[in-house]
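Throughout, read-outs are computed from the coordinates displayed, never taken from laboratory work. This is a predicted model, so every value here is computed, not measured. Reconstructed Cβ throughout: ideal geometry from the backbone, glycine too, with neighbour counts over all protein chains shown.
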Amino acid sequence: MRFIEKNIKTNSLVIEAKNILETSGHYNHSDRVRDIIRILYSGCCAFCESSIEDSSFFQIEHFYPKNIAIYKQYDKSIENLHYSCQRCNTLKGRKLQTKIFSPNYFLNSNQWIETIEEKIENEMYYIGYLLFSYNSTKKSIDRGNETIKLFDLNNFNGFGRSSRQHLVESRLRVFDKIYNILNVIFEMLIRYDKKNNDAIELLFSIVSRHTNRTSHFSTMVIHNFGSDLIKLLEIYSIKKNTVGNKR
Ligand SMILES: [Zn+2]
């Protein structure tokens, strides 16, 4: 689960989709609207962050279900449409889920309010490839936990109907890959040799790609490796400059 930037006032893609939806009526009538939603969500599921390579096919999901009469009017609101893998869409079901985060906008007295990115980031975090929730005060809803449970993000249900074994394994693969690359960079920096600069920079660029918000599981990579990556980049920059100056 992560926040998706979807500014309905300034993002030209969102404005375009809004205009098409107002005139054509339904996202199903326009390939362009479906494309825009896919681009906004970087081709990753709004709820489990998986990409098409880790998941089944993708669907456009209504956060406020269209089968509930009072939400029918939001059927074609871009604020209500999210890119979702088929499994998350199914687990979310056709009822209103009041205890989970919305990826960007939520309704308050018929008004769309923007979710705060930090809210999601501060309430759910990764340790390794598993997601946890900072269990907030007893009185408030623990949205982190509810989200993890509903979408079975840690594969609690094992081999059951909602098993997310594949999802957890995909996250583990990304985690291991980044962990190994950072270790190699670390070793190369200890035995620093100028002629390895190209190789080191290539490895850095691979890791950086995974921290980009357009990559699947980027939240996990940033949570686990963000500060290590910055430290290694600093060390590299120092080594590169001092060794370069000596010659
Ligand atoms: Zn999903």
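Which entries in the list Lys119/Lys177; Lys72/Lys149; Lys9/Lys119; Lys9/Lys231 go over 31 Å, if you measure between the two C-alpha atoms of each? Flagged as over cut-off: Lys9/Lys231. Using R0 = 22 Å, the C-beta based FRET efficiency linking Arg94 and Asn154 works out to 0.35.
Using a 10 Å cut-off on Cβ atoms, rank the peptides 20-29, 110-119 from the highest mean neighbour count down. Spell out each step's value before the answer.
Numbers: 20-29: 14.2, 110-119: 12.3.
The peptides rank, most packed first, as 20-29, 110-119.
Rounded to the nearest 500, the helix-only mean residue ellipticity at 222 nm of the chain stands at -15000 deg cm²/dmol, with each DSSP H run of n ≥ 4 adding -39,500 (n - 2.57). Within the listed set Ser30, Ser218, Ser55, the residue fluctuating most in the Gaussian network model of the chain (springs between alpha-carbon atoms under 10 angstrom) is Ser30. Spatial offset of the range 178-226 relative to the range 95-115 amounts to 36 Å, using the alpha carbon center of each. The angle between the Cα long axis of helix 165-190 and the main principal axis of the chain comes to about 20°, on a 0 to 90 degree scale. The residues neighbouring Ser50, those whose beta-carbon lies less than 12 Å from its own, together hold a net charge of +1 under the Lys/Arg +1, Asp/Glu -1 convention. Other residues whose C-beta falls under 14 angstrom from the C-beta of Met188 contribute a net charge of +1, scoring Lys and Arg +1 and Asp and Glu -1.
Seen against the Cα atoms of the chain and their longest principal axis, helix 197-211 is set at about 20 degrees.
For the residues Lys194, Lys76, Lys99, a GNM of the chain with alpha-carbon springs under 10 Å puts the largest fluctuation on Lys194. GNM remark for the chain: springs join alpha carbons under 10 Å apart, and the peak mean-square fluctuation among Asn104, Asn155, Asn196 falls on Asn196.
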